[in-house]
Every structure is written in C-alpha cells, then in structure tokens.
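Remarks on the structure that follows.
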Amino acid sequence: METKILYYESNDLIDFNAQVISCEKNNDYYEIILDQSAFYPEIGGMQCDQGTIDNSFIEKVIKKDNKIIHLSKQQVPLKEVECHIDKQKRFTNIQAHDAQHLLSAILELDYNLETVSHHTFNTYYDLVLEGKNLDDKIIKECENKANKLILKHARMNIEILNKEEYLNRGLPYNEKYGNEIRLTNIEYLNDNNACGCLHFDNMDKIMLIKILSYEKIRNQYRIIFTSGLKLGELLQNYYDLFATIKLPLKANEDNIVDKVNDLINKNHEQHNTINELKIKLFENDINQLLNNNNHIVYYNKDITYDELKLVANIIINSRNKEALAFLQIKNDTKYQFILTKNKDNDIDLSSIFTKLKEKYPLNGGGKGLQVNGQSEIDLSEIIKEYI
C-alpha cells in the first residue's frame with residue numbers, strides 16, 4: 001500500500017492524523033508506515049522532517065517503494081494516531097534548501113559555475129561547484145544579488161509537468177524524474193530546476209544569506225554558507241564567544257582582534273623562551289653523558305616526542321664528533337625512539353637499526369643523521385649491545 005503524500009499540500013501542515021499500517025523492528029529502529037504522511041523524507045538533498053507519531057519521537061524519515069518510512073526507537077500501536085512535525089526544523093530545512101537554489105542559480109547563470117552536490121550540516125551548508133574561476137569578487141557579487149532578490153520578495157514558482165510537457169520545454173530529462181516533474185523557477189532568474197523538495201512561495205522567508213568561506217579542491221570549488229535562523233544561531237554563538245573572552249582580555253568590539261593578536265604574539269614569545277630554556281637543560285644533560293662516553297642512551301619518561309627531537313638536534317650539532325645516541329620516551333603503551341649521531345660521524349645508523357629490527361618487534365626507518373621508530377618493548381638496555 002502506497003503512502004498518501006501530504007507534504008506538498010502546505011508547508012504549514014505540521015499536525016495531522018493517520019492510521020498506522022505497520023510498525024516493525026529493523027536493527028535499532030522501528031519502521032513506522034502510515035496510510036498518509038506530511039513528514040518530508042530525506043531525498044533531493046534536503047534534510048528530513050522530525051517530530052512525533054503518537055508521542056514517539058521520529059528521528060529520520062525515508063522514502064522507499066512509494067512508502068514513507070518513519071524511524072523511531074519506540075514502538076507505535078496499529079491504530080489511528082496524532083502526528084506532529086517540528087515546525088522550526090522544517091522551516092530551517094526549507095530556508096537552507098531555497099538558499100542553495102538561489103545561490104546555485106546565480107552562480108550558474110551569471111558565472112558558469114555548476115553545482116554538482118550540496119550538503120547540510122548543523123549550522124552551515126555547502127555547495128560543490130565546477131567551473132573555470134571563483135574568486136572574492138564573484139563571492140561578494142553572488143551574495144549581494146541573492147540578498148537583493150530576498151529583499152525584492154522574489155517568488156518561487158512551481159509547475160507540475162508531465163514528461164511530454166517537460167521535454168517540450170527543451171529541458172534536460174533524467175529517468176529518475178518519472179512522469180510527473182515539479183519544475184521550480186525563481187522570479188527574475190528563470191533558472192528552470194526539476195526539484196521535488198519543499199519550497200517557500202517567496203524568497204523573503206530565507207531572510208538573509210551569508211557566504212562564510214570558499215576553497216578550491218582539485219578542479220572543483222566548495223562554498224560554505226548559512227542562512228535565516230541558522231545564521232542567527234551562528235551570530236549568537238559568535239556573540240556568546242565574544243562575551244566570554246572580552247572581560248579577561250579587557251577588550252571591546254573595536255579592539256578585540258588587536259587584543260587577541262597581542263595575546264598570540266606573547267604566547268609565541270613565551271613558547272620560544274621556554275624552548276630555549278629546555279634546550280639549555282637538555283644540553284647540560286647530554287654534555288654530562290657525553291663527557292663519560294661518546295655513545296649514550298637517553299631515556300626520559302617525562303618529555304614529549306617533540307622535545308626528544310630537540311635532544312636529537314643537540315646530538316647532531318654537538319662538538320663531540322664521535323657522538324652517537326639512542327633517545328627514547330614512552331608514549332601511552334609504546335616506546336618511541338630516535339637513533340641519531342653527530343653530523344661528522346661516519347657510523348651507518350641504518351645498519352644498526354636493521355640488526356635491531358631482525359631480533360626485536362619494532363618499526364620505523366630513516367637514513368643519514370636520524371632513524372625514527374617505535375617498539376612495544378623497552379629498548380634502552382638492549383640497544384647497548386649494538387652501540
């Protein structure tokens with residue numbers, strides 16, 4: 001039995017009654033099928049509706065074999081039930097989708113940039129485009145034109161055409177369209193887009209579009225944008241972040257960027273100072289060891305791998321031209337090590353590592369002045385047989 005589709009009747013149809021035809025468990029979810037449904041499923045690049053059926057939360061909605069399947073963690077009895085759709089989520093879903101239509105139409109018609117895919121995230125969305133060029137100027141012009149059309153109350157016109165009527169318009173046809181095609185057309189753009197998703201009748205309901213960033217990925221471009229209520233959420237998050245950091249920084253709207261940059265520079269200077277002090281301490285430890293023996297083992301459980309690399313650099317540049325060192329730390333359950341030597345030392349580190357690897361479980365590699373690796377066993381005593 002096919003599900004009677006109600007979601008095209010009105011975007012405001014969020015409360016309705018229906019008969020539960022089936023409710024069967026499939027893995028973690030109950031699949032609920034109604035005789036009729038206003039829940040929009042996840043198709044056409046638009047997120048699905050959420051809400052409740054008989055007070056059971058509906059997490060996801062899909063369409064399969066002309067049936068609308070509502071997924072819930074709770075079982076629903078086979079009876080007539082009340083259904084409620086989350087109004088705000090539906091509204092933001094349509095805002096995002098119509099914003100995508102608007103941006104895609106402008107980018108294709110004005111700049112020959114074709115949308116090949118689009119995705120929805122929590123507070124932002126993206127477009128993946130193919131075309132010759134996208135730059136700051138195009139981004140600004142596109143955003144401005146989209147928002148002007150929103151302010152002009154541009155209408156979203158929708159026609160229902162059969163296959164023959166659609167083909168007579170000279171439009172590209174895909175078999176997935178079937179025999180009934182919903183053709184959307186944004187006023188002033190004449191973009192002619194076959195789309196079965198939900199739409200506003202007027203672009204002013206998008207409220208506002210903001211392009212946040214763009215990047216080039218191989219031969220494609222990716223635009224990150226947000227709109228409407230989601231844009232409001234993002235601005236609120238930014239304001240909350242600003243309110244959190246302005247007091248300790250003693251900053252206001254005019255100087256917060258300068259204050260943050262000053263803090264970054266100070267932290268960078270402090271980091272450099274700390275590194276200089278660490279190097280002096282390491283140099284003192286290493287020089288004491290090298291005073292007793294040209295070949296040393298240095299195992300320190302209290303330093304990081306980056307700090308171990310500082311120690312290796314001290315060995316490489318040591319005045320002791322015969323210096324050879326095995327440096328080791330313990331990281332979680334494994335041991336990390338660096339086998340290194342002075343830059344004037346002719347010893348072949350690779351041959352030492354190869355002999356060690358033949359007998360003990362370790363991995364890594366390198367040549368020249370350093371061999372890096374890791375092992376599941378402590379090598380600090382074993383290595384003494386080899387160096």
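Only loop residues by DSSP count here, and only those with at most 10 other Cβ atoms within 10 Å; note down the trypsin sites (Lys or Arg not before Pro) in region 1-102 that meet that.
Lys79
Using the Cα centre as the reference, give the magnitude of the dipole from point charges on the C-beta atoms of region 271-385 (Lys, Arg: +1; Asp, Glu: -1; all else neutral), rounded to the nearest 20 debye.
Here region 271-385 has a charge dipole of around 160 debye.
Report the relative contact order of the chain, percent, no decimals, based on alpha-carbon pairs under 8 angstrom and at least 6 residues apart.
In percent, rounded to a whole number, it is 10.
Using label points projected 7 Å from each Cα along Cα→Cβ, tell me how many nm separate Glu269 and Asn66, to one decimal.
Each label point lies 7 Å from its Cα, and together they span 7.5 nm.
Once you list every other residue whose beta carbon is under 15 Å from the beta carbon of Ala194, what net charge do they have if Lys and Arg are +1 and Asp and Glu are -1?
Once positives and negatives cancel, what remains is -4.
Taking the Cβ-Cβ separation of Asp86 and Asn261 as r and a Förster radius of 45 Å, what is the calculated FRET efficiency to the nearest 0.05?
Working from the Cβ atoms, E equals 0.60.
Placing +1 on the Cβ of each Lys and Arg and -1 on the Cβ of each Asp and Glu in the chain, which of Ile286, Leu109, Asn320 has its Cα farthest towards the positive end of the resulting dipole?
Going by the Cα projections, it comes out as Asn320.
If R₀ is 56 angstrom, what is the calculated FRET efficiency for the pair Asn112 and Lys301, using the beta carbon separation as r and rounding to 0.05?
0.40
So what's the net charge close to Val371: Lys and Arg +1, Asp and Glu -1, counting the other residues with Cβ under 11 Å from its Cβ?
Residues near Val371 contribute +2 overall.
Given charges of +1 on the Cβ of Lys and Arg and -1 on the Cβ of Asp and Glu, with all other atoms neutral, how large is the dipole of region 91-235 about its Cα centre, in debye to the nearest 20?
280
How would you rank Ser22, Ser72, going from fewest to most other Cβ atoms within 10 Å of each one's own Cβ?
Fewest-to-most ranking of Ser22, Ser72: Ser22, Ser72.
Of the labelled options (i) 28, 57, 11, 3, 0; (ii) 20, 31, 27, 20, 1; (iii) 24, 56, 20, 1, which one gives P(r) over Cα pairs in 20 Å bins from 0, in percent as computed for this structure?
Recomputing P(r) over Cα pairs in 20 Å bins from 0, in percent here picks out (ii).
Lys278: which aspartates and glutamates have alpha carbons under 12 Å from its alpha carbon, excluding same-chain residues fewer than 8 sequence positions away?
Asp306, Glu307
In the neighborhood of Thr115, defined by Cβ-to-Cβ distances under 12 Å, what is the net charge if each Lys or Arg adds +1 and each Asp or Glu adds -1?
-4
Hey, what D do you get for region 245-380 in µm²/s if you plug the Kirkwood alpha-carbon radius into Stokes-Einstein at 20 °C and 1.002 mPa s?
126
Since every read-out is calculated from the coordinates, none of them should be taken as a lab result. On a predicted model such as this, the values are computed, not experimentally measured, just so you know. Here Cβ is always computed from backbone atoms with ideal geometry, including for glycine, and neighbour counts include all displayed protein chains.
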